[in-house]
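The values are calculated or read from the model by the stated rules, or taken from the named source; none is laboratory data. The shown structure was predicted, so the numbers you read here are calculated from the model rather than taken from an experiment. FYI the Cβ positions are ideal-geometry reconstructions off the backbone, even for glycines, and counts take in every protein chain you see.
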Amino acid sequence: MSLLSDDALVVVLHHLSTRELLVSTAFVCKRWHRICKEYLVYELVPSAFNIGDRPWGNMSEKDLYELAVSYSSSLERVSFHGLKRLDPSRSIIPLFPLLPKLKDLAIVSCPLESGDLEAIAMQLPTHLISLDLHSDHLSRVRCQDGVVPPPEDNVVSAIQQRCSQLQKLNLDSCSSISMQGLEKLLQANQFLTSLDLHSHALGWPQVAQIFKTCKSLQHFSLVSPLLVESYNSSEEDREDGSYRRRYLRRSEEQTAAVRFQLPRNLTSLRLYSSPHRSIYLEMAAPAMEFLRQNGMQLTHLHAQRVYNTTWQAIQTWCPNLKMLDLSHCKHESITLQGVESLVLCGLIQMLKKLEHIALPAATDVILKRLGDFCPNLKELRFEGFGQNTSPNYFLGVTDTGVVALAEGCPELRVLSLAGCRRITIRSIRTIAFHCRQLKVLILSHCRGIKDDSVPLMLPRLSTSLVFLDLVGCKITLLSLQTILQYAGVTTLRVVVVKLPVNKIEALNNQPGHPRLQFKASTSSTRWDGFYNAVQYE
């Protein structure tokens, strides 16, 4: 390697991720470190495999700021994610003049006041292509408690004045943005391909106006109570026929009053009345109009916490979906028995292009249907918001269903079997044999997984598996020692187990595995749905 020119080394090292470069090159030589600093570090984002409320692991805000300054000459993407003590005037705003190539900026789940956001917006780099100011579910709780004030129209106005080349804009936080404030921003950025909004002031007429202005949209997300009927109703009311007739009549009146023309390139849609609650697509006439006319073009659909009538609408109008999120909050009670099972099986049978799916629950019948009809499946989860603190147990899933799934879906990259207490070593053996590209395997609360499963798993998945969750499994230190034995020849980076902190530290301090980290947790790995989640290809 010492005979290669700088340009040749750039080509070779370009294939390494940013995190690998930050960790590895400093231990090789000063020349490699110089090349990486000058040319190769394009993004500074948290690891996709960190768990809990610390997306940056042990890295502090100061460490992150120093890294950004150190690699400022080449950084194109920076994410300030989950930083609890972020001071915009000292850390974010002074960075902007130092980042001449910055195109993608994310300030996610940081406890900023509206005035802070406005100050940041007024100093944004004018060449930004992507701006993400969304909040995850943790920050939304704080918003609802009134700790984080919502951004006002002056934030939108500042963005509009500074940024006229935006292609992606995410303002999905507790927001009081009005259409009047948003309209100027959209006029200045008519070529947006991705737009995420959360506002109590936007309804169907505003959606129609957004679609008319932004004809290049490929992804659109809106969370607004105005997308559904204004008065409160219980779940029982929604099952009542007279309620449905009233709802549909009012929705049809809305549709008649507003002309909708879906952007021709729109493939991803998320219409929610509140975080984690989709509107009932079949009971909103404007949404049904979308599906009837343009459902064929949709490939990504977010529909958390809806039931079999909506599933039937999706089955009828959206056969080309590659991603479908039907996951539920932990408080929802669903067993997938009877009609629900039949409808979901029928839906799965129609979605032969499916690559990512999240279900409200699972049974052997559902898993077998996925194995039979979805050979391209890359990600399967049946969990949802808040699942980690009080997991559901899916007693309808046994080795029979998992074996059928693994045999029929060899392209799986992410598989969560959290809560499947009845699966055993037979499932692990089949997964290891058939799913050779698996990167993430979540087995939390699988009581049937014991020490004999780990030696079967690692040899066959040593070149692909990166993240392994064993919280609640019946494993001992023997399994962890086995994992350590493979640390030098495996891609495994994170193992989550239920152990005291002192034992975790002892494992991490053992020599010979600098890239493997054991992490302590008492619950399943948090997962909030496909929205804003990392996709593992």
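Per the conditions (1) more than 25 Å from the chain's Cα centre (by Cα); (2) surrounded by fewer than 16 Cβ atoms within 10 Å (Cβ to Cβ), the sole criterion not satisfied by I475 is (2). Residue count for segment 102-126 under the criterion of being within 26 Å of the chain's Cα centre (by Cα) and either of a type outside the set (D, E, K, R) or assigned to a loop (DSSP other than H, G, I, E, B) (or both): the result is 16.
Any residue at all in segment 336-344 that's out of contact with any Leu (no Cβ under 7 Å at 6 or more places or on another chain), closer than 19 Å to T525 by Cα, part of a loop (DSSP other than H, G, I, E, B) and at pLDDT below 80?
No - not one qualifying residue is present in segment 336-344.
Counting only helices (runs of 4 or more DSSP H) that sit completely within segment 149-217, those holding 1 or more residues that are touching a residue at least 40 places away in the same chain (Cβ under 8 Å), within 25 Å of the chain's Cα centre (by Cα) and farther than 21 Å from G115 by Cβ correspond to 204-213. Residues of segment 77-105 that are in contact with a Lys or Arg (Cβ under 8 Å, 6 or more places away or on another chain) and small (G, A, S): G82 alone. Criterion applied to N170, N154 was being surrounded by 18 or more Cβ atoms within 10 Å (Cβ to Cβ) and at pLDDT 85 or above, and the one residue passing it is N170.
When each of Y531, Y486 is tested for being under 28 Å from the mean Cα position of the chain (by Cα) and either surrounded by 22 or more Cβ atoms within 10 Å (Cβ to Cβ) or touching a residue at least 12 places away in the same chain (Cβ under 8 Å) (or both), the lone residue that passes is Y531. Counting only residues that are closer than 13 Å to E407 by Cα, out of contact with any Asp or Glu (no Cβ under 8 Å at 6 or more places or on another chain) and surrounded by fewer than 22 Cβ atoms within 10 Å (Cβ to Cβ), segment 422-447 holds 4 of them.
Here L98 meets each of (1) touching a helix residue (DSSP H, G or I) at 6+ places or on another chain (Cβ under 7 Å); (2) modelled with pLDDT of 80 or more; (3) crowded, with 16+ Cβ neighbours inside 10 Å with one exception, condition (3).
Can you tell me which residues in segment 515-525 are modelled with pLDDT of 75 or more and either crowded, with 18+ Cβ neighbours inside 10 Å or not polar (S, T, N, Q) (or both)?
Those that are modelled with pLDDT of 75 or more and either crowded, with 18+ Cβ neighbours inside 10 Å or not polar (S, T, N, Q) (or both): R515, L516, Q517, F518, K519, A520, S521.
Evaluating I177 against the criteria (1) hydrophobic (A, V, I, L, M, F, W, C); (2) modelled with pLDDT under 90; (3) surrounded by fewer than 16 Cβ atoms within 10 Å (Cβ to Cβ) leaves one unmet condition, (3). Pairing residues of segment 262-274 that are buried (at least 20 other Cβ atoms within 10 Å of the Cβ) with residues that are modelled with pLDDT under 95 and of a type in the set (G, A, S), at Cβ distances under 6 Å and at least 6 apart in sequence or on separate chains, gives Y272/S278.
The requirement of being crowded, with 21+ Cβ neighbours inside 10 Å and at pLDDT 90 or above is fulfilled somewhere in segment 114-125, by at least one residue.
Determine whether T476 is more than 24 Å from T491 (Cα to Cα), in contact with a helix residue (DSSP H, G or I) (Cβ under 9 Å, 6 or more places away or on another chain) and of a type in the set (V, I, T). No: the conditions fail for T476. If K352 passes every condition in (1) outside any helix (DSSP H, G or I); (2) of a type outside the set (F, W, Y); (3) buried (at least 19 other Cβ atoms within 10 Å of the Cβ) but one, which one does it miss? (3) is the only condition that K352 fails.
Charged (D, E, K, R), more than 20 Å from S79 (Cβ to Cβ) and at pLDDT below 90: does that describe D145? Yes.
Give P375, P360 a once-over and let me know the one that is at pLDDT 95 or above and assigned to a loop (DSSP other than H, G, I, E, B). The match here is P375. Taking G512, is it part of a loop (DSSP other than H, G, I, E, B), farther than 30 Å from R277 by Cβ, modelled with pLDDT of 90 or more and out of contact with any Cys (no Cβ under 6 Å at 6 or more places or on another chain)? It is false that G512 is part of a loop (DSSP other than H, G, I, E, B), farther than 30 Å from R277 by Cβ, modelled with pLDDT of 90 or more and out of contact with any Cys (no Cβ under 6 Å at 6 or more places or on another chain). Checked against the criterion of being at negative phi, modelled with pLDDT under 90 and not basic (K, R), segment 475-483 has no qualifying residue. Whether any residue in segment 411-421 is farther than 17 Å from L347 by Cβ, at pLDDT below 95, surrounded by fewer than 24 Cβ atoms within 10 Å (Cβ to Cβ) and charged (D, E, K, R) is what I want to check. Yes: segment 411-421 contains one or more residues that are farther than 17 Å from L347 by Cβ, at pLDDT below 95, surrounded by fewer than 24 Cβ atoms within 10 Å (Cβ to Cβ) and charged (D, E, K, R).
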